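Below you'll find the structure, written out as structure tokens, and then a few comments.
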Amino acid sequence: MERFTIVESAHVVPERIVTNDELATFMDTSDEWIHSRTGIHQRHIVSNENTSDLATAVANKLLAQADLSADQLDFIVVGTMSPDHLTPSVAQQVQGRIGATNAFAFDLSAACSGFVYTLSMASKLLATNYQRGLVIGAEVLSKLVDWEDRSTAVLFGDGASGVLLQQASTETGLLAESLKTYGNQSEFLTAGRQQNTNHFVGNIVTADPYFHMNGREVYNFATRQVPVVLSEALEKAQLTANDIDVYVLHQANARIIASIAKRFGQPIEKFPINVTDYGNTSAASIGILLDELRTNGVVHQGQRIALAGFGGGLTAGALIIQL
């Protein structure tokens, strides 16, 4: 066991809500078409905020809730696929803005598995000689969306979430994990291609910021591989699916989550869903759901929970956590 405790959780989303009905005013779609295929009714979209703004807001909420000062942090790790810049990282911007002078900071890019990968990395840091840190998932995916492409524009939203972790002497923390990458399938989901203007070799590649996705392949990947990583993590923890109190899965598609619940023979009530209200917020989605569940008392101390992310890379990962 890698011992830690989740001291606080928090999330922020932009005020601007874009419903399926609003999308239908400028593209060939409808609320029924989108919701029946994805479970999504609406998403939050930034007006002028960037990823670092949302991440900083989450960091400040976590510190305020815990009544801590920023200089008490040892590290800040941000999972994101939509940073403000290639450098500085979002985590470095957060560190500077909140005044976390004793913390080192870095981003981790694993798309929709970002929160799971980042939480796994943080647990390793806490297993050494670091005492306390922030794990944040933050995305402004609207800047990567082609709003004329119905196949992707209806899916994504903006938001950020995070947890404050600290070392624990009690039997709480990470029981087991399974992290996997399938780089040979990376072409099925891409975004943010940079321009290559290497005139020295006469090579110019035009930038393309937008999402491109083979929806069928990604759907099939998720329904196949998420059960694999969950099963491996459960086996390592010497647990069965019945031993998990709540499954907190990446919120990409309600049909994917229902398929996974059925695959494990578990009631859908153990697989809460909020994609209806937020859409796919990539690295932010698991943390947003986790914070809502903690706030509502659905997730609480003493439980075993499973977190699972899946998506671009292609990547998949599962963590079994004792609260």
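The values are calculated or read from the model by the stated rules, or taken from the named source; none is laboratory data. Here the structure is a predicted model, which means the values were calculated and not measured. Ideal geometry is used to build each Cβ from the backbone, glycine not excepted, and the neighbour counts take in all protein chains shown. These area figures cover heavy atoms from the full protein model, side chains too; ligands, DNA and RNA do not enter into them. Shrake-Rupley method; radii C 1.70, N 1.55, O 1.52, S 1.80 Å.
From the residues in the range 125-184 that are assigned to a strand (DSSP E or B) and among the acidic types (Asp, Glu), which one is most open to solvent (accessible area, probe 1.4 Å)? Steps first, answer last, please.
First, pick out the residues of the range 125-184 that are assigned to a strand (DSSP E or B): 132-140, 156, 158-167, 173-181.
If we keep only those that are among the acidic types (Asp, Glu) as well, we get 139, 158, 177.
Details: Glu139: 0, Asp158: 1, Glu177: 43 Å².
So, considering only residues that are assigned to a strand (DSSP E or B) and among the acidic types (Asp, Glu), the one most open to solvent (accessible area, probe 1.4 Å) is Glu177.
Consider the range 216-228. How many of its residues are open to solvent by 40 Å² or more (accessible area, probe 1.4 Å) and either under 21 Å from Gln194 (Cβ atoms) or of a type outside the set (A, V, I, L, M) (or both)? Don't jump to the end; show me each part of the working.
Initial filter on the range 216-228 (open to solvent by 40 Å² or more (accessible area, probe 1.4 Å)): 216-217, 219-220, 224, 228.
Going one step further and asking which of them are either under 21 Å from Gln194 (Cβ atoms) or of a type outside the set (A, V, I, L, M) (or both), we end up with 216-217, 219-220, 224.
Number satisfying all stated conditions: 5.
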Checklist entry - Counting just the residues of the range 34-53 that are surrounded by fewer than 16 Cβ atoms within 10 Å (Cβ to Cβ) and free of Cβ contacts under 8 Å to residues at least 12 places away in the same chain, which one comes out farthest from Leu141 (Cα to Cα)? => result Ser36
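Let's see how each residue does on (1) in a loop (DSSP other than H, G, I, E, B); (2) open to solvent by less than 10 Å² (accessible area, probe 1.4 Å); (3) in contact (Cβ under 8 Å) with a residue 40 or more places away in the chain:
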{"site": "Ala59", "(1), (2), (3)": "no, yes, yes"}
{"site": "Val78", "(1), (2), (3)": "no, yes, yes"}
{"site": "Ser82", "(1), (2), (3)": "yes, yes, yes"}
{"site": "His85", "(1), (2), (3)": "yes, no, no"}
{"site": "Val94", "(1), (2), (3)": "no, yes, yes"}
{"site": "Arg97", "(1), (2), (3)": "no, no, yes"}
{"site": "Asp107", "(1), (2), (3)": "no, no, no"}
Checklist entry - Of all the residues that make up the range 204-215, how many are within 17 Å of Gly313 (Cβ to Cβ), open to solvent by less than 40 Å² (accessible area, probe 1.4 Å) and either touching a Lys or Arg at 6+ places or on another chain (Cβ under 6 Å) or free of Cβ contacts under 8 Å to residues at least 40 places away in the same chain (or both)? => result 0
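Can you confirm whether the range 263-286 contains a residue that is of a type in the set (Gly, Ala, Ser), buried (at least 22 other Cβ atoms within 10 Å of the Cβ) and touching a Ser or Thr at 6+ places or on another chain (Cβ under 7 Å)? It would help to see each step written out before you state the result.
Of the range 263-286, the ones of a type in the set (Gly, Ala, Ser) are 265, 279, 282-285.
Those still in the list that are buried (at least 22 other Cβ atoms within 10 Å of the Cβ) too: 279, 282-285.
Those left that are additionally touching a Ser or Thr at 6+ places or on another chain (Cβ under 7 Å): 283-284.
There is at least one residue in the range 263-286 that is of a type in the set (Gly, Ala, Ser), buried (at least 22 other Cβ atoms within 10 Å of the Cβ) and touching a Ser or Thr at 6+ places or on another chain (Cβ under 7 Å).
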Checklist entry - Taking the range 259-269 as the region of interest, how many residues are over 19 Å from the mean Cα position of the chain (by Cα) and part of a helix (DSSP H, G or I)? => result 6
Next on the checklist: Here is a list: Ala59, Ala64, Ala105, Ala138. Which entry is out of contact with any His (no Cβ under 6 Å at 6 or more places or on another chain) and under 23 Å from Ala308 (Cβ atoms)?
Outcome noted: Ala138
